[in-house]
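The values are calculated or read from the model by the stated rules, or taken from the named source; none is laboratory data. Just so we're clear, the structure is a prediction, and the values are computed from it rather than from any experiment. Ideal geometry is used to build each Cβ from the backbone, glycine not excepted, and the neighbour counts take in all protein chains shown. The protein model used for the area step is the full one, side chains on, heavy atoms only, and it has no ligands, DNA or RNA in it. Shrake-Rupley method; radii C 1.70, N 1.55, O 1.52, S 1.80 Å.
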Amino acid sequence: MFEKVLVANRGEIALRVIAACRDLGVRTVAVYSTADRDSLHVAHADEAICIGKAKSSASYLNVPAIISAADIADVDAIHPGYGFLAEDPSFAEICRDCGIRFIGPSPEAIRLMGDKAQARKAAKDAGIPVLPGADEPLRTAGDARQWAAETGFPVILKASRGGGGRGMRIVRTPKDLEAGFDQARSEAAAAFGSGEVYLEKFVDRPRHIEFQVLGDDLGNVISLGERECSIQRRHQKLLEEAPANGFSAKAREQMGGILSKALGEIRYSNAGTVEFLMDEAGQLHFIELNARIQVEHPVTEAVSGVDLVRSQIRLAAGEPLSEVLPGPPGVSGHAIECRVNAEDPVTFRPSAGRIERYAAPGGLGIRVDSAAYSGGSVLPHYDSLVAKVTAHGANREEAIQRMRRALSMYVLDGIKTSIPLHQRILDEPAFVEGRYDTKFIEELGL
Ligand code: MV4
């Protein structure tokens, strides 16, 4: 096992990694920006090194500063958390070249998954179900016409380097294809520095279902089941749950088997999330693979009993999956996570500021992941996530009830948060019945 790990992140995920390291008896090194001197990840790590000014580009994205800190502190490995450098293949490669273990997939896997057109092709070749569409990027409007004719309308044009919902364009009829292609190209070029686009069949009213996987360095990959993340606004997830509504054990096992085989073949290692769209017929179609630990990992931890971050560290240290996992993964009960953001409930704008009074809820079935404390601050420079509240119960009803109880007992004064929005969602009959798709928030006008 590693002796010392540098945590290249901040906020709740930095604390989450520090906690996993502490459980493993691994010492931790925090890095922080000048704005984060009083932040909790600095207080709880065994050592802390300032790496630059508040702006992310000067600190948490500052590769030379982070590698220098890793060198000075003499760490064995770096955990990148999510966001920042978590899916930067060059960073993972620099770590490798410097003899520092990157706690995540290989640079090659990260690079492959960062190109959505290539990832789609790799998934398809490995036997993961994908939507009908182009097997290569579109070079000309003529390419688009040919592939669209084969696929059938409506189609969606996506930026190869996009993801997370950015750089997409729906085309419903042949006459709109050429203009759509040109717009998609120029938007992609402006946003991602690459105008490359690909095409697939458009799925109307999809549900967002994603599978958590873990892989070791020997080509063993296991699925820990799915999460449902359809409750989102402008491509920002608000609430996630596990298992997905109405999803059968048989469907879970079937996809788990497909992923195990496919990702083992491509030697995918460490943690990953395979994203699917579920169509109205209940079929799953691969869209992306996120090569990192995700914000919503606690719902899978709750129902599987597996500590995913601890598993990441052990897998990165070279332990085989057979030793890392306690036994065959199952799904026990139901879990829901609410992302509590510091935001204005009217404008949805991030609302940074000092937390005047703070008391997190607890009790049976409640977990809170947060770096907030009384007198602390939500900084304007970074993500507005203040806390993740995860409720676990024997069934969905119990999880919902516990979540309502926890949110009603959350004391968080001085900043505006999305707690009232979550309370609205939890009281909405369609949500309570588990009948919703990715249009849920928009259609409620929330
Ligand atoms: C789609 C789609 C419909 N058809 N692809 C948005 C996030 C990005 N990861 C993929 N996204 C979508 N891809 C096809 N072929 C609809 C979406 C989409 C969506 C997906 C998941 C969750 C919320 C969404 C909201 C709008 C659009």
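When residues of segment 189-229 are filtered for being among the aliphatic types (A, V, I, L, M) and within 16 Å of the ligand (Cβ to nearest atom), how many remain?
5
Are any residues in segment 166-180 within 16 Å of the ligand (Cβ to nearest atom), in a helix (DSSP H, G or I) and of a type in the set (A, V, I, L, M, F, W, C), and if so, which ones?
Selection gives LEU177 alone.
Could you tell me how many of the residues in segment 150-201 are among the aliphatic types (A, V, I, L, M), open to solvent by 20 Å² or more (accessible area, probe 1.4 Å) and either closer than 20 Å to LYS121 by Cβ or at pLDDT below 95 (or both)?
5
Let me spell it out: the conditions are (1) over 25 Å from the mean Cα position of the chain (by Cα); (2) near the ligand (Cβ under 9 Å from one of its atoms); (3) at positive phi, and PRO154 meets all of them except one. Which number is the exception?
Of the numbered conditions (1) over 25 Å from the mean Cα position of the chain (by Cα); (2) near the ligand (Cβ under 9 Å from one of its atoms); (3) at positive phi, the odd one out for PRO154 is (3).
With open to solvent by less than 30 Å² (accessible area, probe 1.4 Å) and either within 20 Å of ILE13 (Cβ to Cβ) or more than 24 Å from the chain's Cα centre (by Cα) (or both) as the only criterion, which of TYR373, TYR410 stands out?
It is TYR410.
Does ASP115 meet the test of being within 16 Å of GLU196 (Cα to Cα), away from the ligand (no atom under 13 Å from the Cβ) and within 25 Å of the chain's Cα centre (by Cα)?
The answer is yes for ASP115.
Take segment 111-131 and flag every residue that is over 19 Å from ARG166 (Cα atoms), open to solvent by less than 70 Å² (accessible area, probe 1.4 Å) and not aliphatic (A, V, I, L, M).
Scanning segment 111-131 gives GLY127, PRO129.
Tell me, which strands (runs of 3 or more DSSP E) lie completely within segment 1-61 with 3 or more residues that are farther than 21 Å from GLU301 by Cβ?
Answer list for segment 1-61: 27-33, 47-52.
Please tell me if ASN9 is touching a strand residue (DSSP E or B) at 6+ places or on another chain (Cβ under 9 Å) and under 26 Å from ASP307 (Cα atoms).
yes
Check GLU428, GLU343, GLU442 and return the single one that is among the acidic types (Asp, Glu) and open to solvent by 50 Å² or more (accessible area, probe 1.4 Å).
GLU442
Quick one: would you say PHE102 is of a type in the set (Phe, Trp, Tyr) and within 17 Å of the chain's Cα centre (by Cα)?
The answer is no for PHE102.
Can you tell me which of (1) at negative phi; (2) within 9 Å of the ligand (Cβ to nearest atom) is the one GLY163 doesn't meet?
The one condition GLY163 does not meet is (1).
Of the conditions (1) touching a helix residue (DSSP H, G or I) at 6+ places or on another chain (Cβ under 9 Å); (2) surrounded by fewer than 24 Cβ atoms within 10 Å (Cβ to Cβ), SER260 satisfies every one except a single condition; which number is it?
(1) is the only condition that SER260 fails.
Filtering segment 218-242 down to residues that are out of contact with any Gly (no Cβ under 6 Å at 6 or more places or on another chain) and not in a strand (DSSP E or B), which residue is least open to solvent (accessible area, probe 1.4 Å)?
ASN220
Select from segment 107-143 the residues that are in the same structural domain as GLU178 (by TED's automatic domain parsing), free of Cβ contacts under 8 Å to residues at least 12 places away in the same chain and either in a helix (DSSP H, G or I) or touching a strand residue (DSSP E or B) at 6+ places or on another chain (Cβ under 7 Å) (or both) and list them in ascending order.
Within segment 107-143, GLY142, ASP143 meet the criteria.
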